[in-house]
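Note sheet for the following structure.
The values are calculated or read from the model by the stated rules, or taken from the named source; none is laboratory data. All values reported here derive from a predicted model rather than from experimental measurement. Glycine also receives a Cβ, built like all others from the backbone with ideal geometry; neighbour counts cover every protein chain displayed.
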Amino acid sequence: MSGRGSALLGLGAALAAAAPIAAVYGARDGLLTLGLLAALGTPALVLAHAARARRRRLGSPRRQLALGIAIAVGQLVVAVGAGIALMFVSAHDALAIGAVTGFAVVVAVRAVQLMGGGVVDDAERMRRDLIAAVSHDLRTPITSLRLLTEAITDDVVDSETKRAYLGQMSTHLNAMSALIDDLFELSRLEAGDIAWSLEQVRLEELVGETVEAMRVQADARNVEVRAELPPGLRPAHGDPEKLQRVLFNLIQNAIRHTPADGSVVVRARPAGDAVEIEVADTGDGIVAEERERVFEPFFRGGAQAARPSNGAGLGLAISRAIVEAHGGRIWLEDAPRGTRVRFSLPSR
C-alpha cells in the first residue's frame, strides 16, 4: 500500500470511529472526534512511511521492526490520552473510549505492517545476495583447485611446478576457510550468540597497537597511517579483541581504497556518555547512492566500492554487527574528500 493508500486507510478508520459518536451524541461531537483522530493518525502513518523509506539507515532488521512497534505503541498511548480528553462528550464514556481505541489499533497495525514488510523485503533481498555472493566467491577457488589437482594427478608438470601449484592450492583453501569463518562469525553476531568479557578499554593503547600493526601494509602501498587522539580520552566499555577487529577491518579497508601518497587517520573524541572513533582516508570516497548499503554483507558497488578479490567481503558487515552488539552504532560521516567511517561505543 502506498502513502496515499495509508492516508485513506487512516481517514477511513477515523470516519468509522467518529460515525457512532455522531450518531449518538450529534454531528458536532462527531466532527470533533474526526478532527482529533485524523490529527493523531496522520503523523503516525507519515512517520512509518518515512522510516520504511530510510530503513537501511536504522541498521539490523531487528531495529527496523522495533521502530515499527515503537510507532504503534506510541500511537496507542496518544490515542488513550485522546480518549481521556474526549470524556467530556458524554457521561457515557465507554463509546468514545472504544471508538478511539479501535482507531488506534488500525493505525498501529498499519505502522507495524509497513516496517515488518520492509524487514521481510530486506531479508529476502539479502538472502538472494548472500547466495549469489557465496556462490561467486566459492566458484573461483573451486575451479582453480580442480584444474591444479588435475594437472598434478595427470603428471603433466614437473616437481618444481607441482610445488608451486601446491602453494596456490593452499592460498585458495585459506581463502575459502576465511570466508566460512567470517560467515559463521557474522551469523553468531546477528543471532546474539555471543559471550564476551567486557571491560574498560584504553583507546590510546588499542588504537596505537592497531595502527602500528597496519603500518607495514600501509607502507607497502605508500600510504601514511597515523592516530590523532586527544589526551585524557576516557576509556570505552567493550571487548578489546572484538573492538580491535573493527579497527583492523576499517583501517585495512581504508588503506586498500587510498591511492599512493594518500593518508589514513584514526581519530577519537568524547560524545556525551559515549566515545566516537573515526577512520578517515583520502581515497575517492563512496557515491551517494551506495552509502546506505556499504555495511551489508557482500554488497558490490561501483569500481571503487567493489570488494577486493583477496577478501571475503564481510569486513564492514562484521564491524557493524560488533559495534551494535556493544550498544553503539556505525555510519558514514560526510566528508569533502575520501571516506570517513565513524562508530560510537558506550564509555560507561
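The residue that is farthest from the chain's Cα centre (by Cα), among those in the stretch 242-267 that are in a helix (DSSP H, G or I) and basic (Lys, Arg), is Arg256. Using the structure shown, decide if Pro231 is more than 26 Å from the chain's Cα centre (by Cα) and at pLDDT below 90. So Pro231 fits the description; yes.
Considering only residues that are over 31 Å from the mean Cα position of the chain (by Cα) and small (Gly, Ala, Ser), look in the stretch 135-179 and name the one that is farthest from Leu314 (Cα to Cα). The residue in question is Ser159. Restricting attention to the stretch 162-199, the residues that are of a type in the set (A, V, I, L, M), out of contact with any helix residue (DSSP H, G or I) (no Cβ under 7 Å at 6 or more places or on another chain) and assigned to a helix (DSSP H, G or I) add up to 7. Taking the stated definitions as given, is Gln252 under 20 Å from Ser197 (Cβ atoms) and surrounded by 15 or more Cβ atoms within 10 Å (Cβ to Cβ)? Judged against the criteria, Gln252 is not a match. Every condition in (1) modelled with pLDDT of 85 or more; (2) not acidic (Asp, Glu); (3) not in a helix (DSSP H, G or I) holds for Ala321 except the one numbered (3). Return yes or no: is Asp284 in a loop (DSSP other than H, G, I, E, B), modelled with pLDDT of 90 or more and among the acidic types (Asp, Glu)? Judged against the criteria, Asp284 is not a match.
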